[in-house]
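What follows is a short report on a single structure.
Each value in this text was obtained by applying a stated rule to the coordinates, not by laboratory testing. Quick caveat: nothing in here was measured; it's all calculated off a predicted structure. With ideal geometry, Cβ positions are generated from the backbone for all residues, glycine too; neighbour counts draw on all protein chains shown.
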Amino acid sequence: MKADDIFGPAERERLQKAISEAELQSSGEIRVHIEDQCKEEVLDHAAFIFNALDMHKTSARNGVLIYMAIIDHKFAIIGDSGINDVVEDNFWESTKNKMKQQFIAGDIIGGLEAGIKEAGERLKKYFPYQSDDIDELSNEISIGNIESE
Ligand code: CA
Ligand code: CA
């Protein structure tokens, strides 16, 4: 299976909706980026994507990227410095485990959706939703290779 086989308009919309809902829990900005392959260490690559998508451009530095490489069966969750400064080590571990269970069961969209929801709930404690919230980073998922320079 490739990303294009899995992510049709309905699936993209479902995840976008999940992000919009999660961002009503927390001011944290969640993005999902999907590729087919990830040739380097997944956390390093996720950090590269985070920068390439300009995800550091949030006022509280509280962007969160959920990255997944479909063919290579790799995924990662990384947060910006504003999150890392205040949360405990292994903050994302429980979220990753929830996602992994669904991925193993073959439900990629469900796993991503669960991860988005969980990220919103977990960030709420540190970054509650503000009534004057701005959607700082697009809720649309992005798919495809972003080449390293
Ligand atoms: Ca926001
Ligand atoms: Ca957003």
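The set of residues in segment 11-61 being closer than 17 Å to ARG122 by Cβ and out of contact with any Leu (no Cβ under 7 Å at 6 or more places or on another chain) consists of ALA18, ILE19, GLU21, ALA22, GLU23, LEU24, GLN25, SER27, ILE30, ALA60, ARG61. In this structure, does GLU136 turn out to be within 16 Å of ligand 2 (Cβ to nearest atom), touching a strand residue (DSSP E or B) at 6+ places or on another chain (Cβ under 9 Å) and over 17 Å from GLY79 (Cα atoms)? Against the criterion (within 16 Å of ligand 2 (Cβ to nearest atom), touching a strand residue (DSSP E or B) at 6+ places or on another chain (Cβ under 9 Å) and over 17 Å from GLY79 (Cα atoms)), GLU136 does not qualify. Here's a check for you: in segment 59-114, which residue that is in contact (Cβ under 8 Å) with a residue 60 or more places away in the chain and of a type in the set (Val, Ile, Thr) is farthest from LYS17 (Cα to Cα)? Ranking the qualifying residues of segment 59-114, first place goes to ILE71.
Residues of segment 122-137 that are touching an Asp or Glu at 6+ places or on another chain (Cβ under 9 Å) and under 16 Å from GLU21 (Cβ atoms): TYR129, ASP133, ASP135, LEU137.
In segment 88-106, which residues are assigned to a loop (DSSP other than H, G, I, E, B) and either basic (Lys, Arg) or farther than 24 Å from LEU24 by Cβ (or both)? Within segment 88-106, GLU88, ASP89, ASN90, ALA105, GLY106 meet the criteria. Looking only at residues in segment 94-124 that are of a type in the set (Lys, Arg) and either buried (at least 18 other Cβ atoms within 10 Å of the Cβ) or away from ligand 1 (no atom under 16 Å from the Cβ) (or both), the one that is nearest to ARG14 (Cα to Cα) is LYS117.
Residues that are acidic (Asp, Glu) and either more than 16 Å from GLY79 (Cα to Cα) or assigned to a strand (DSSP E or B) (or both): does segment 114-130 have at least one? No, there is no match, as no residue in segment 114-130 is acidic (Asp, Glu) and either more than 16 Å from GLY79 (Cα to Cα) or assigned to a strand (DSSP E or B) (or both). Return yes or no: is VAL64 surrounded by 13 or more Cβ atoms within 10 Å (Cβ to Cβ), of a type in the set (Val, Ile, Thr) and not in a loop (DSSP other than H, G, I, E, B)? Spelling it out, VAL64 is indeed surrounded by 13 or more Cβ atoms within 10 Å (Cβ to Cβ), of a type in the set (Val, Ile, Thr) and not in a loop (DSSP other than H, G, I, E, B).
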